[in-house]
Amino acid sequence: MRKNILSNRVNFIKDSATLRLNDIGEQLRSKGADIINLSVGEPDFDTPKFIKDAAKKALDNGDTHYTPSLGKPRLRKVVAEKLKKDNNIDTSYENIIISAGAKHLIYMAINSIIDEGEEVVLLSPAWVSYEACVKIAGGRINWIKTNIEDQFQPTDIQDNINKKTKLIVLNSPNNPSGAVYSENTLKMIADLSIDYDFFVLSDEIYEKIIYDSKHISIASFDQMADRTITVNGLSKSYAMTGWRIGYASAPKIILDGMLKIQQHSISCAPSFVQEAAISAMSGPQDCVNEMVSEFKKRRDFLVDGLNSIGLRCLLPKGAFYLFVDISDFAEDANEFSEKMLKEGYLVMTPGDAFGPGFENYIRISYAVPIDKLKEAVKRIGNIIA
Ligand code: PMP
Ligand code: GLU
């Protein structure tokens, strides 16, 4: 039997900590443990009925075949209009690609642009899959750390950018920190992108999950639509994680690269799910506002609750995570999360999964009903008392 069965590309990446921990939590729950799963970032709400009805209608109409690889023209038009209207991005139908979730779009974008040894800037803490996508492409990561003192906003990144930088990945609202990048921060990055001639991959999946703050798309700044791939999806805003549907707007040359990968990997996003996406994006948006106001209640409750038991954390402006410094309570986040699992049946994601410099942080997802959050605060309090 061969020794080197797995490719270097696979050997060099870690599994997804967010998905692994979610699996651990759900396995324990299925065995009867009283688990509270604060690991995965997945809205616990049901997908709104009018969206499900649109998918059912499409199925009944026989909409069960391949669509064009770029996506159904009607959906691409809806997306282009949305990006123009809500995000002020100068894009058009020709620049839109639909895929099975934002994650696959990110994978395709990075693999379309990055060659062996080329540099990608990731701002730590960063969502777990960017690092893996860059490594699969053979790229080199230049990690730039953000800090809690700056509310996790990237500040003086120009000192770490150089002419070799080909791409920076941005994610605002941010997973895991909950930071929402200010207009000044985004303007600074846009100016650097033009000066140093690098591209921007802007992951805006949490765009709508934002509290008392304004989401700004970097592609809306002058000259930036030509150098930005804006990725978004319906998983978080419409509680549609299992439907696997997302979209991106990209400069034509990059879009053509992504299209080739899509053609040779998944062909297209599921046809009837594309109908559901059209209905979600063109229908009434009250469902989104209702979910966001519930997330806000949970955020306020959890931040107060954790601060009251001595776990200090910031009030995040977006997404549905708290990123908490646990250095007063354990050697590192892995020790802390193990303790929480063993003694409290609580599943959380250790900070080292999100890049260097956050070994003492833990990510807590509050996409969980408030009664469970109350119970979680009680259990954490008892363990660290
Ligand atoms: N980006 C970020 C920051 C995420 O947290 C996630 C997790 N769902 C994704 C992208 C991928 O989302 P999707 O379900 O659309 O693939
Ligand atoms: N993005 C979510 C998270 O961070 C879902 C899991 C994943 O795709 O990573 O938990």
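Since every read-out is calculated from the coordinates, none of them should be taken as a lab result. Being a predicted model, the structure only gives us computed values, none of them experimental. So basically every Cβ, Gly included, is an ideal-geometry build from the backbone, and we count neighbours across all protein chains shown.
For the modelled label position 7 Å from the Cα of SER92 along Cα-to-Cβ, which residues of the range 229-269 have backbone nitrogen atoms closer than 17 Å? Within reach of a label on SER92: 249-256. For the cross-link pairs LYS82/LYS166; LYS56/LYS208; LYS145/LYS317, the ones whose C-alpha atoms lie over 24 Å apart are LYS82/LYS166; LYS56/LYS208. Say we join alpha carbon atoms closer than 10 Å with springs in a Gaussian network model of the chain; which of SER172, SER182, SER265 then has the biggest fluctuation? With Cα springs under 10 Å in the chain, the top fluctuation among SER172, SER182, SER265 is at SER265. Looking at the range 63-143, the chymotrypsin sites (Phe, Trp or Tyr not before Pro) that sit in a DSSP loop and have at most 10 other Cβ atoms within 10 Å of their own Cβ are TYR66.
For the range 287-300, putting each phi into the Karplus relation 6.51 cos²θ - 1.76 cosθ + 1.60 with θ = phi - 60° gives couplings of 4, 5, 4, 5, 5, 5, 5, 5, 4, 5, 4, 5, 4, 4 Hz, in residue order, rounded to whole numbers and with x for Gly and Pro. The listed peptides 292-302, 96-106, 52-62, 71-81, ordered by packing as a protection proxy, come out as 96-106, 71-81, 292-302, 52-62 (highest mean of other Cβ atoms within 10 Å first). Diffusion of the range 227-347 by Stokes-Einstein, at 20 °C in a medium of 1.002 mPa s and with Rh set to the Kirkwood radius over alpha-carbon pairs, works out to 118 µm²/s.
Remark on VAL200: its backbone amide H falls under 5 Å from those of ILE168, THR228, ILE229, a criterion applied only to residues 5 or more positions apart or on other chains, H modelled at 1.01 Å from N. Can you find, among CYS268, SER112, CYS287, the residue sitting farthest towards the positive end of the charge dipole of the chain, where Lys and Arg contribute +1 and Asp and Glu -1 at Cβ? After comparing all options, I get CYS268. Secondary structure note: in the chain, about 45% of the DSSP beta bridges are antiparallel.
Given in Å, the Rg to one decimal and the Dmax to the nearest whole number for the Cα atoms of the range 120-272 are 15.5, 48.
The simple spin-label model puts a point 7 Å past each Cα toward its Cβ; for LYS31 and PHE45 those points are separated by 3.4 nm. Along each principal axis, taking the top coordinate minus the bottom one, the Cα set of the chain gives 58, 58, 53 Å in descending order. Remark: spin-label model distance ASP197-SER7 equals 3.0 nm, labels positioned 7 Å along the Cα→Cβ axis. Based on DSSP H segments of at least four residues, each scored -39500 (n - 2.57), the chain has a per-residue ellipticity at 222 nm of -13000 deg cm²/dmol. Label point of ILE148 set 7 angstrom out along Cα-Cβ; within the range 320-341, amide nitrogens under 11 Å from it belong to 323-329. For the range 239-280, the normalised intensity computed at q = 0.17, 0.25, 0.28 Å⁻¹ comes to -0.56, -0.95, -1.02 (log10 of I(q)/I(0), Debye sum over alpha carbons, equal scatterers, no solvent).
Distances longer than 29 Å among the Cα atoms of the range 1-155: what percent of all pairs is that? Tail of P(r) above 29 Å: 44 percent of Cα pairs. Net charge in the neighbourhood of HIS215 (other residues with Cβ under 11 Å of its Cβ; Lys, Arg +1, Asp, Glu -1) is -1.
Computed 3J(HN,Hα) for the range 344-359, one whole-Hz value per residue from the Karplus formula 6.51 cos²θ - 1.76 cosθ + 1.60 where θ = phi - 60°, is x, 6, 10, 9, 9, 9, x, x, 5, 5, 9, x, x, x, 10, 5, glycine and proline marked x.
Separation of the range 238-312 from the range 45-67 is 17 Å, based on Cα centroids.
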